[in-house]
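Trainee: First the structure, then my questions, so here it is.
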Amino acid sequence: MGSRQSLALFASCSLWDQKENIAITNLQQAAWQANVGQDLVAFCAAFSRGSVQMMVFYDERLVLLSVPKTGTTAYQTALRDRADIVMADPPELKHAPVYRYNRWLRPMFERVCGVELELMAVMRNPIDWLGSWYRFRQRPFLDGKPTSTKGLSFDDFVRAYCKGDAPAFANVGSQAKFLEGRPNGCCVTHLFRYEDQRAIRAFLEDRLETKISLETLNASPRMDLSLSPEVERILRRKRAEDFELYESLS
């Protein structure tokens, strides 16, 4: 299969509609420049540059989604060469939550390859997850930018996050929304707590039949973070779906 045929398959699977014309144009240009190979896997692999994000293990029928700030970077780095497809660019794909996978990528595997892949993801305690975002946005390279949390307390950050229209520094999304299943049944089949690293590693090693050697990567600066009781109550009320999903995991 040539690169033009691969692109035709992507388009025919309704991966992009009119709102995503820019995305497909960028993909087309990248494909011609990369002179991709003869099959669909080679075509997708042409976009594997930069930081690792969503990964597809085709033979094992598994997709590893990358929920931000859940420690998956270390696994992705360790398994990059083991994956069949690595989605690192464009942003529309590399940060794909369940709804985007369902809309763009699941139809490709279903209609072109005739298979349904299982989804795996990791979820973090919602307060710890926000703490990771807060620490990350304290880094000097964000100084002076709207996304910086420099000079803000953790309480201030979480209060802003709970607003209906969160400011840029607190606009970090929702784990529950990222992981939300779709009406057609597409959902995360294997969802692990971030704190249960032994289970995550055991599952991947068993499913992929490989040993995993992990390195500590992309760690935010350490700091002691705690929420006031009042702000925690607000967070639990405003983001109840995140806490409910996390607490449902065994």
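The values are calculated or read from the model by the stated rules, or taken from the named source; none is laboratory data. Note that this is a predicted model, so its numbers are computed, not measured. Glycine gets a Cβ as well: all are built from the backbone with ideal geometry, and neighbour counts include every protein chain shown.
Trainee: Among residues belonging to region 236-250 that are hydroxyl-bearing (Ser, Thr, Tyr) and either in a helix (DSSP H, G or I) or modelled with pLDDT of 90 or more (or both), point out the one that is surrounded by the fewest Cβ atoms within 10 Å (Cβ to Cβ).
Mentor: Narrowing region 236-250 to residues hydroxyl-bearing (Ser, Thr, Tyr): 246, 248, 250.
If we keep only those that are either in a helix (DSSP H, G or I) or modelled with pLDDT of 90 or more (or both) as well, we get 246, 248.
Numbers: Tyr246: 20, Ser248: 9.
Step by step, filter region 236-250, then rank; the result is Ser248.
Trainee: Here's something else I'd like to know. Looking for something surrounded by 17 or more Cβ atoms within 10 Å (Cβ to Cβ), in contact (Cβ under 8 Å) with a residue 60 or more places away in the chain and charged (D, E, K, R) - is there at least one such residue anywhere in region 227-235?
Mentor: For region 227-235, residues surrounded by 17 or more Cβ atoms within 10 Å (Cβ to Cβ), in contact (Cβ under 8 Å) with a residue 60 or more places away in the chain and charged (D, E, K, R): absent.
Trainee: Being of a type in the set (A, V, I, L, M), at pLDDT 90 or above and within 18 Å of Val188 (Cβ to Cβ) narrows it down to one residue among Leu93, Leu152, Leu65; which is it? Outline the logic, then answer.
Mentor: Numbers: Leu93 fails: at pLDDT 90 or above; Leu152 fails: within 18 Å of Val188 (Cβ to Cβ).
Going through Leu93, Leu152, Leu65 in turn, just one is of a type in the set (A, V, I, L, M), at pLDDT 90 or above and within 18 Å of Val188 (Cβ to Cβ): Leu65.
Trainee: Still on this structure: Kindly indicate the residue of region 96-144 that is among the basic types (Lys, Arg) and in contact with a helix residue (DSSP H, G or I) (Cβ under 8 Å, 6 or more places away or on another chain) and also nearest to Glu60 (Cα to Cα) among those meeting that condition. Write out each step before concluding.
Mentor: Going residue by residue through region 96-144, those that are among the basic types (Lys, Arg) are 100, 103, 106, 111, 124, 135, 137, 139.
Then keep just the ones that are in contact with a helix residue (DSSP H, G or I) (Cβ under 8 Å, 6 or more places away or on another chain); that gives 100, 111, 124, 137.
On the way: Arg100: 21, Arg111: 18, Arg124: 25, Arg137: 36 Å.
This residue is Arg111.
Here is a yes/no grid of residues against (1) of a type in the set (A, V, I, L, M, F, W, C); (2) on the phi < 0 side of the Ramachandran plot; (3) not assigned by TED's automatic domain parsing to the domain that holds Asp224:
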site: Arg103; (1), (2), (3): no, yes, no
site: Gly114; (1), (2), (3): no, no, no
site: Ala121; (1), (2), (3): yes, yes, no
site: Asp155; (1), (2), (3): no, yes, no
site: Ser174; (1), (2), (3): no, yes, no
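Trainee: Right, here's the next one. Those residues that are aromatic (Phe, Trp, Tyr) and surrounded by 21 or more Cβ atoms within 10 Å (Cβ to Cβ), I need them from region 92-132; list them, please. Write out each step before concluding.
Mentor: Of region 92-132, the ones aromatic (Phe, Trp, Tyr) are 99, 101, 104, 109, 129.
Answer for region 92-132, where residues must be aromatic (Phe, Trp, Tyr) and surrounded by 21 or more Cβ atoms within 10 Å (Cβ to Cβ): Tyr101, Trp129.
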